[in-house]
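The values are calculated or read from the model by the stated rules, or taken from the named source; none is laboratory data. None of these values were measured; they are calculated from a predicted model. Neighbour counts run over all protein chains shown; Cβ positions are idealised from the backbone, glycine included. Just the protein is used for accessible areas: all its heavy atoms, side chains included, with ligands, DNA and RNA removed. Shrake-Rupley method; radii C 1.70, N 1.55, O 1.52, S 1.80 Å.
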Amino acid sequence: MEPFERVTGLVAPLDRANVDTDQIIPKQYLKSIERTGFGRYLFDGWRYLDEGRPGQDCAGRPLNPDFVLNQPRYRGATILLARDNFGCGSSREHAVWALTDYGFRVVIAPSFADIFYGNALKNGLLPVRLPAEVVERLFRAVEATPGYTLTVDLPEQVVVTPEGERFPFEIDPFRKQCLLEGLDDIGITLRHADEIRAYEARRRREAPWLFPDA
Amino acid sequence: MGGRTLYDKIWDEHVVRAEPDGTTLLYIDRHLVHEVTSPQAFEGLRLAGRRPWRPQAILAVPDHNVPTTDRSRGIDDPVSRVQVETLDRNCREFGITEFAMDDPRQGIVHVIGPEQGFTLPGMTIVCGDSHTSTHGAFGALAFGIGTSEVEHVLATQCLLTRKSRNMRARFTGALPPGVYAKDLALALIGRIGTAGGTGCALEFAGEAVEGLSMEGRMTLCNMAIEAGARAGLVAVDETTIRYLEGRPLAPKGALWERAVEAWRGLVSDPDAVFDREVEIDVSALEPQVTWGTSPEMVVGVSGRVPDPADEPDPVRRGDMERALAYMGLEPGTPMAEIAVDRVFIGSCTNARIEDLRAAAAVVRGRRVARSVRQALVVPGSGLVKRQAEAEGLDRIFRAAGFEWREPGCSMCLAMNADRLGPGERCASTSNRNFEGRQGAGGRTHLVSPAMAAAAAVAGRFVDVRELLEAA
């Protein structure tokens, strides 16, 4: 995973609640056995006017001019501003892969669905929870100000506006460390392989029906 | 120490190691794998030169991409075919048990786990699929994970995670005839919203839940994720134990006796404290139908499509307006006036034998309405299909004009050839009415199997109790 420290970037506003992972990346693209190449299909059903196919070159597809990411002023955005319960629905990590592949490094929302939140952290996409009233203010600022940028500082756990206003956010200390160092969870867990084996040995005695392979 | 919830008890038994900050290495007893969320995890394993920690704890099955028509020709769509073949190859390479597409036990991953007794009380169970919550019906801690976590469980048989909060939904009163577990789930989501259970393990309790069969409890726990809760749970009781006895992978003999004794303790203590509680009286509940593009957009069948103008919150109002535009509905329309083009009876929510029996009871002696373009029944597994055929349910469905298919996820998410066309409206027993879920531009209304059957017969939504009374 690519380490994350701080990002200053253009903000794109996605003004709807309960954005589900079926919208972030529709199911036809889940047939891929790769981890990359999902960015061009991000929000496919909202972004294009036709129905996309996996592997398709999107250059000639008709764009939906009303969709926010198709507006020139948001081109190159790295921070997505969203509403409540972002990423609800399916556990597909492809949703996170599509957001990062498109170029997003941060999603700011009042709340996230649990599985999406965890998936994001494991892929260097920083999900930032801010109070609903702060998010509301940011929506108004972004829409009123072409080229509106924010700085998201992970070590300081703060979102900074161009005017210097600072909004602190919470993040699990362990996950923060993993993001800062780009750490791989599996490597961390395997340091405790002996403890896992000891646990298994104990459980084999206590609850042998859990180990029919014993 | 105060009383513990069912979730607390299972959690405590699976902690391998806990850091002072709450980060926990949690042991995983069973891992279900399907073709969509696993290829990148196996590839990661290969790239790192790792092997599965405990291949015997894994059961794999292709379900999302499989055709539900004649399978002797294989899979037409080359992209789908590669994904299923990749699962076959990974299972061979890593020594993992797979019920391949031509295995009589093949089916939807959340149907076959319980059916085989792979799912047992007190276990931790994961799968790269959000509807893993289904298995919580057995007093197990079961939840969906992403592909990075699939790889992590493959490599270590553990997850690095944090404990959730405890939430309980109590359904009081007895469930009226013609009203099912699906209606309980939809009514709850209508009340608390699709984020109502976020951050929580959600235990279902109360008289109505105690009265449910295991299959009904699976439907309820399946929908926990649609309420935002990663895991749903139901306490173990005699119903749980009776269901499991004699299942192929359930313990036998003395080990069975010992397991049952342990399982009886898998209930929340009377003095356990929940962080959040919600109570719903179901004695007057009517069959539910969703009208929008989120499971929380739901009303009783006697209700009407709501008017966004009545919604004070601007974000919610905007969401309602977009949902109505997508669904092609006008505010105030009675739900019973909405005509359907297709009917789908299937999915990990509602494709078990009792679901098919409930639908067949409505269909028996009736015909699918002329205006309905297609009515599909997709059994949850090969064994469900065989059981239904032994009971003659397939003949009832076929005689009425339904198509009787091979098992898989099918039109729940349309990764195979079963899908809605743009603008088509479907009465569906699945779990998500998201935009495009059943096919680009398709319009989904979530209902119980009996309500879907009633919609097929009437050509529009109708209170199934009218048909049950007339029968």
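With point charges of +1 on the Cβ of Lys and Arg and -1 on the Cβ of Asp and Glu, referenced to the Cα centre of region B:352-471, which listed residue (B:Leu383, B:Val464, B:Ala440) lies farthest in the positive direction of the dipole? The residue sitting most towards the positive pole is B:Ala440.
For B:His135, the solvent-accessible surface with a 1.4 Å probe is about 0 Å², rounded to the nearest 10. Compared with its chain on its own, region B:408-436 contains the following residues whose accessible area drops by 50 Å² or more in the full protein assembly (probe 1.4 Å; ligands, DNA and RNA excluded): B:Met415, B:Phe434, B:Glu435. Solvent-accessible area of region A:149-195 (1.4 angstrom probe, protein heavy atoms only): carbon and sulfur portion equals 49 percent. Its Cα centre serving as origin, the protein assembly as shown has a Cβ charge dipole (Lys and Arg +1, Asp and Glu -1) of approximately 1180 debye.
When the other protein chains are added to the chain by itself, burial of at least 30 square angstrom of heavy-atom accessible area (probe 1.4 Å, ligands and nucleic acids ignored) affects these residues of region B:242-260: B:Leu255, B:Arg258. Look at the stretch B:140-153: the mean tally of other chain Cβ atoms within 10 Å of its residues' Cβ atoms is 5.
Answer rounded, prolate or oblate for the protein assembly as shown, using the Cα gyration tensor with square roots of eigenvalues a ≥ b ≥ c: rounded when a/c is under 1.5, else prolate when a/b is larger than b/c, else oblate. Judged from the Cα gyration tensor, the protein assembly as shown comes out rounded (a/c under 1.5). On region A:73-145, 49 percent of the accessible area sits on carbon and sulfur atoms, based on a 1.4 Å probe.
Each Lys and Arg Cβ is given +1 and each Asp and Glu Cβ -1; about its Cα centre, chain B then shows a dipole of about 900 debye. Amide H contacts of A:Leu150: A:Gly9, A:Val11, each under 5 Å away and 5 or more positions distant or on a separate chain (H built 1.01 Å from N in the peptide plane; Pro and chain starts excluded). Comparing each chain alone with all protein chains together (probe 1.4 Å, DNA, RNA and ligands left out), the residues of region A:82-96 losing at least 40 Å² of accessible area are A:Asn85, A:Gly89, A:Ser91, A:Glu93.
The phi torsions of region B:265-280, fed into the Karplus equation with coefficients 6.51, -1.76 and 1.60 and a -60° offset, translate into couplings of x, 8, 9, 6, 5, x, 9, 5, 9, 9, 5, 8, 10, 9, 10, 10 Hz, rounded to whole numbers, with Gly and Pro shown as x. Remark: chain A carries 40 Å² of accessible area per residue (probe radius 1.4 Å; ligands, DNA and RNA excluded).
For chain B, the per residue solvent-accessible surface stands at 33 Å², with DNA, RNA and ligands left out and a 1.4 Å probe.
Given +1 at the Cβ of Lys and Arg, -1 at the Cβ of Asp and Glu and no other charges, the dipole of region A:1-148 around its Cα centre is 200 debye to the nearest 20. By the gyration tensor of its Cα atoms, with a ≥ b ≥ c the square roots of the eigenvalues, what is the shape of region B:67-116: rounded for a/c under 1.5, prolate for a/b over b/c, or oblate? Oblate, because a/c is 1.5 or more while a/b does not exceed b/c. Please state the shape class of chain A: rounded when a/c is under 1.5, otherwise prolate if a/b exceeds b/c and oblate if not, all from the C-alpha gyration tensor. Judged from the Cα gyration tensor, chain A comes out oblate (a/c at least 1.5, b/c at or above a/b).
Only helical runs count toward this figure. For the protein assembly as shown, summing -39,500 (n - 2.57) over DSSP H runs of n ≥ 4 and dividing by all residues gives -9000 deg cm²/dmol at 222 nm. At a 1.4 Å probe, what is the % contribution of carbon and sulfur to the accessible area of region B:227-283? Carbon and sulfur together cover 50 percent of it. The distance from the alpha carbon centre of region B:441-471 to that of region B:406-421 is 20 Å, rounded to a whole number. Association of chains A and B removes close to 5500 square angstrom of accessible area from solvent, both sides included, for a probe radius of 1.4 Å. Here's the picture: charge each Lys and Arg Cβ at +1 and each Asp and Glu Cβ at -1 in region A:31-143, and of A:Ile108, A:His94, A:Thr78 the one pushed furthest to the positive end of that dipole is A:Thr78. Once all protein chains are placed together, A:Arg16 keeps about 50 Å² accessible to a 1.4 angstrom probe. Between the listed residues A:Phe43, A:Thr149, A:Trp209, the Cα displaced farthest toward the positive end of the dipole of chain A, a dipole computed from Cβ unit charges relative to the Cα centre, is found at A:Trp209.
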